[in-house]
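Written out below as structure tokens is the structure these notes cover.
The values are calculated or read from the model by the stated rules, or taken from the named source; none is laboratory data. Since the structure is predicted, the reported quantities are computational estimates derived from the model, not experimental observations. Positions of Cβ are generated from backbone atoms using ideal geometry, with glycine treated the same way; all protein chains shown enter the neighbour counts. Only protein heavy atoms, including side chains, enter the accessible area calculation; ligands, DNA and RNA are left aside. Shrake-Rupley method; radii C 1.70, N 1.55, O 1.52, S 1.80 Å.
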Amino acid sequence: MEKKLPTIEIIEKYCKGCHICVEFCPTKVLEMQGFVAAVKNLDACIKCMQCELRCPDFAIKVTP
Amino acid sequence: MAFDYDKYIRPGKLPHIWCPGCGHGIVMKGLIRAIDTVGLDTKNTAIVSGIGCASRLPGYMDCCTLHTAHGRAAAFATGVKMAKPEMDVILVGGDGDGTAIGGNHFIHACRRNINMTYIILNNKIYGMTGGQFSPATPTGAKASTTPYGNPDPAFDIAKLAIGAGATFVARGTSFHANQIDKLIAEAIQHKGFSVVEILDDCPTTYGRRNKFKSVIEMMNHLKDIAVPVKAAEKMSPEQLEGKILTGVLFKEERPEYTSEYAKLIERAKAAK
């Protein structure tokens with residue numbers, strides 16, 4: 001059975017590039033692209049929602 | 001399912017003014033989740049603040065909000081609660097706003113045990129005005145007004161609240177984001193004056209001066225020094241050196257001010 005991938009929406013207008021989501025993601029799904037966070041490896045996402053929980057800027061929305 | 005924060009945020013207000021990595025946004029998320037868990041009616045909830053970085057929080061919340069004079073959040077909130085006791089009142093402020101300029105209002109609100117929740121975002125510094133030291137700045141820490149290190153000992157805000165008579169006192173950190181909403185929800189449900197101190201990170205004015213290389217380092221520092229109350233019971237005083245306790249630190253039941261005041265009015269009417 002194919003694994004259902006979550007959607008990670010990053011609102012670039014809100015992101016201030018603090019690196020919190022990138023550092024605290026346990027499977028290193030996210031990376032910095034310039035000043036904002038971006039999804040690098042969605043396959044590795046374990047839907048722990050840490051990025052959404054910790055983002056201080058309301059910039060990440062994860063739909064598992 | 002992702003939590004819908006937008007329901008509680010005033011349209012068009014984001015992005016907020018806080019610096020990159022500032023923990024205030026994390027605490028605001030926790031407050032929103034707590035309001036949602038308890039099921040507060042936003043039209044019947046007043047969020048009151050003074051002046052400062054943390055005090056900008058009510059401006060983003062789609063509730064009844066009051067942005068008042070520096071340190072006077074507790075005084076204005078007491079007025080709101082006395083006039084409308086059925087309203088849920090939540091105060092938000094920083095360490096400088098709450099314990100220096102508004103220190104007296106804070107301790108007397110604790111003493112009265114009026115049914116409100118005070119969330120103190122303790123980032124150990126006056127962030128908005130340029131990084132002056134506050135009563136919560138640790139001894140030896142550098143601020144713009146203490147370039148050689150702060151000679152004063154810091155307030156333990158939770159102990160101050162307990163000593164002044166608050167009936168619910170809890171402490172969390174911006175690293176333990178999952179715990180914040182639970183602590184605030186319990187504080188809102190407690191009948192009496194509740195204080196929730198959240199140890200926060202200020203990378204811009206505190207971190208840079210105190211050799212924290214990044215926000216992540218500040219977050220990891222909060223993780224290292226925090227010890228849950230239950231775990232601390234099994235630890236020796238030496239092991240607890242330099243640590244801070246997190247969780248619900250104190251809880252008791254005591255007559256609440258607005259209901260006592262209503263009884264007093266009834267007594268006065270009967271005596272006529």
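Table for the structure above
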| read-out | value |
| --- | --- |
| Gain in span if fully extended, residue B:67 to residue B:251, counting 0.36 nm per residue against the direct Cα distance | 63.4 nm |
| Spatial separation of Cα centroids for the range B:229-272 and the range B:10-83, in angstrom | 23 |
| 5 angstrom amide H check on residue B:65, placed H, neighbours 5+ away | B:47 |
| Three-way shape label, the range B:1-160, alpha-carbon gyration tensor, a/c 1.5 | oblate |
| Rounded accessible area per residue of the range B:16-271, 1.4 Å, Å² | 42 |
| Helix-derived mean residue ellipticity, 222 nm - over chain A, DSSP H n ≥ 4, -39500 (n - 2.57), to 500 | -3000 deg cm²/dmol |
| Cysteines in chain A that, by Cβ-Cβ distance, have no pairing candidate under 4.7 Å | A:15, A:18, A:25, A:45, A:48, A:55 |
| Relative contact order computed over the range B:188-267 (Cα-Cα under 8 Å; 6+ residues apart), in percent | 28 |
| Solvent accessible area, Å² - residue B:235, 1.4 Å probe, full protein context | 60 |
| Accessible area (Å², 1.4 Å probe, nearest 10) - residue B:65 | 50 |
| Pairwise Cα inverse-distance average, inverted: Kirkwood Rh of the protein assembly as shown (Å) | 20.7 |
| Gain on full stretching of the segment that runs from residue B:229 to residue B:263 - 0.36 nm per residue minus C-alpha separation | 8.5 nm |
| Exposure of residue B:60 as accessible area (Å², to 10), given a probe of 1.4 Å and all protein chains | 10 |
| Pair residue B:243, residue B:2: separation of 7 Å Cα→Cβ label points (nm) | 3.7 |
| Value of relative contact order over chain A, rounded to a whole percent, pairs C-alpha under 8 Å and six or more apart | 43 |
| Simple label model, 7 Å out from Cα along Cβ direction - residue B:217 to residue A:42, nm | 3.6 |
| Accessible area in the full protein assembly, largest first, 1.4 Å probe, for B:171, B:112 | B:112, B:171 |
| Evaluated over the range B:16-271, the Cα radius of gyration and Dmax, each in Å | 18.0, 67 |
| Average Cα contact separation per residue, chain B, under 8 Å, 6 or more apart, as relative contact order % | 18 |
| Nitroxide proxy distance, nm - points 7 Å out along Cα→Cβ at residue B:139 and residue B:191 | 4.3 |
